[in-house]
1. When residue 2 is evaluated against the numbered criteria (1) without any contact (Cβ under 8 Å) to a residue 12 or more places away in the chain; (2) assigned to a loop (DSSP other than H, G, I, E, B); (3) within 13 Å of the ligand (Cβ to nearest atom), which criterion, by number, is the only one it fails?
2. Can you name every residue in the range 18-44 that is under 15 Å from residue 89 (Cα atoms) and surrounded by 16 or more Cβ atoms within 10 Å (Cβ to Cβ)?
3. Show the residue pairs that are 6+ apart or on different chains and have beta-carbon atoms under 8 Å apart, the first residue being within the range 107-123 and over 15 Å from residue 59 (Cβ atoms), the second being near the ligand (Cβ under 10 Å from one of its atoms) and assigned to a strand (DSSP E or B).
4. On the basis of being in contact with a helix residue (DSSP H, G or I) (Cβ under 9 Å, 6 or more places away or on another chain), surrounded by 21 or more Cβ atoms within 10 Å (Cβ to Cβ), in a strand (DSSP E or B) and without any contact (Cβ under 8 Å) to a residue 60 or more places away in the chain, does residue 75 make the cut?
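We did not get these values from a lab; they are worked out from the coordinates using the rules stated. What you see is a predicted model; the values in this text were computed from it and never measured. For neighbour counting, all protein chains shown are included, and Cβ atoms are generated from backbone atoms with ideal geometry for every residue, glycine included.
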Ligand SMILES: C[S@@+](CC[C@H](N)C(=O)[O-])C[C@H]1O[C@@H](n2cnc3c(N)ncnc32)[C@H](O)[C@@H]1O
């Protein structure tokens, strides 16, 4: 198996990569995890999906490709420049809501339906407001985080954050958890009850 061969890239993929280089965005999601997100989302027809950390929209482009016509997706980022770019690429898709807001505030104020999949790719929902976000996942729904494997550019003390998070997640009995030493280090959890 050649896992390095990426198939079915979204139509806008190369435009997003160019935009990323143009503005010097250095944090797009890893290509492997975004293919996984698309596959997981495809398993959830008529779903309600959440991304925390829109960034340049690379993961968003793959997640949207996994949506069926009756699904909807909300993506949140606090950077107005990035949100403007996401709107340029995806703003006309009626299934997609692009929100420029602090993720912590957004999570605390959210009153809508629970989610079938949450990709937490910003501090809020990954390292803060975690219990709040786990509450917002439907039974059978997925929670996905990446960047769990040590990286040379991590700031001092970040390894401790990651270790504590993993230790906490391993103790939660309401989720089934899989840790994968693949891509940037991925954790997938499914809500049991
Ligand atoms: C790892 S990047 C996301 C990359 C994105 N998934 C992609 O593929 O392009 C993390 C993002 O979180 C956003 N962010 C950081 N702090 C935030 C906060 N408090 N609320 C919302 N977004 C935040 C940053 O602006 C950044 O775009």
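1. Result: residue 2 passes all but (3).
2. Across the range 18-44, the qualifying residues are 19, 20.
3. Listed pairs, sorted by first residue: 107/52; 107/124.
4. In short, yes.
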